[in-house]
Amino acid sequence: MNIEILSSTAKIAEAGAQAYSDLLAKKPDAVLGLATGSSPLPIYDQLISLYEDGAISFADTRAFLLDEYVGLAADHEQAYRRFIEEVFAGKVDFAPGAVQGPDGDTGDPFAAAAAYEQKLVDSGGVDLQILGLGTDGHIAFNEPGGSLSSKTHPQVLTEQTRADNARFFDDNIDEVPQFAITQGLATIMRAKQIVLVAEGSQKAEAVAQMVEGGGSALWPATVLQWHPNITVLLDEDAASKLKLADFYKAEARGRRALARLENK
Ligand code: GLP
């Protein structure tokens, strides 16, 4: 894992957006993996600015969401398909229909999950997946205790996740759906490159487990230790429980020095 401990949200946004710009420069028709939640929002804002400046375009890309609540219509205020449209996709130049998510409103979440997994396979694979991190260590909606090699599946949400997300449902946990359809951990692991972003002390324990804990279904994000190309963008608070934080900072400087050698 490439750990980057950065001093501000602006620097995190810049680093995340840079990964997209680098990819789009090489591969304008890249397949993008988008995440909802609040963590990626600064990165999306930065990408919108780059698009408005004419520096990047999404016109030839396709994008896939990680997850969706079960039982919310696509146009429900808190449906992830609507959320991503409002905060990002609708503000740049994706082609109509280019951004897709699991359909949580078909009445058969198992069939919808299988269909979505197939769409991802048919796309040729996600080139760059952005991820947030749940306080219980989930990625997408893969809750603790699930298979570390799961494919896209319906998922029962934990009380912790529903409580964390109640802020989007008028602070009423009863309004938060009980189920979601989520890309599985094996599905996410197929992405060629991953950028995970976590900020704030409420994420510190999950970050420490993800980076330095033993691989375990108890902390689903630990599976990412096996990913060959992942960058973890953290602020100081989210990094505060990392035992090797000082080394990661030195290592990040070292990586940049090494990269300069590669370009010689
Ligand atoms: C949600 C989403 C995840 C997201 C996580 C963290 O439950 N399903 O994809 O990463 O919670 O959200 P936030 O970034 O708002 O803390």
Here Rg/Rh (Cα, Kirkwood) for segment 1-101 equals 0.97
With Pro109 itself left out, Lys, Arg at +1 and Asp, Glu at -1 over residues whose Cβ is under 10 Å from its Cβ give -4
Using only the Cα atoms of the chain, each taken as one equal point scatterer with no solvent, compute I(q) by the Debye sum, divide by I(0), and report log10 of the ratio at q = 0.07, 0.09, 0.15 Å⁻¹.
-0.23, -0.38, -1.12
Over the chain, the sum of -39500 (n - 2.57) across DSSP H runs of at least four, divided by residue number and rounded to 500 deg cm²/dmol, gives at 222 nm -10500 deg cm²/dmol
Taking one equal scatterer on every alpha-carbon of segment 99-236, how large is log10 of I(q)/I(0) by Debye at q = 0.18, 0.19, 0.21 1/Å?
-1.08, -1.19, -1.39
What's the center-to-center distance, using Cα atoms, between segment 75-109 and segment 216-232 in Å?
26
Segment 33-86: spread of alpha-carbon positions along the three principal axes, whole Å, largest first, is 38, 23, 17
Pairs to check: Lys91/Lys203; Lys26/Lys91; Lys27/Lys91; Lys27/Lys249; Lys11/Lys192. Give those whose C-alpha atoms are more than 25 Å from each other in this structure.
Lys91/Lys203; Lys27/Lys249
Convex hull volume of the Cα atoms in segment 44-149, per residue, in Å³?
128
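Every number in this text was worked out from the coordinates using simple rules, so none of it is lab data. Model, not experiment: these values are computed from the prediction. Methodologically, a virtual Cβ is constructed for each residue, glycine included, from the backbone with ideal geometry; neighbour enumeration extends over all protein chains shown.
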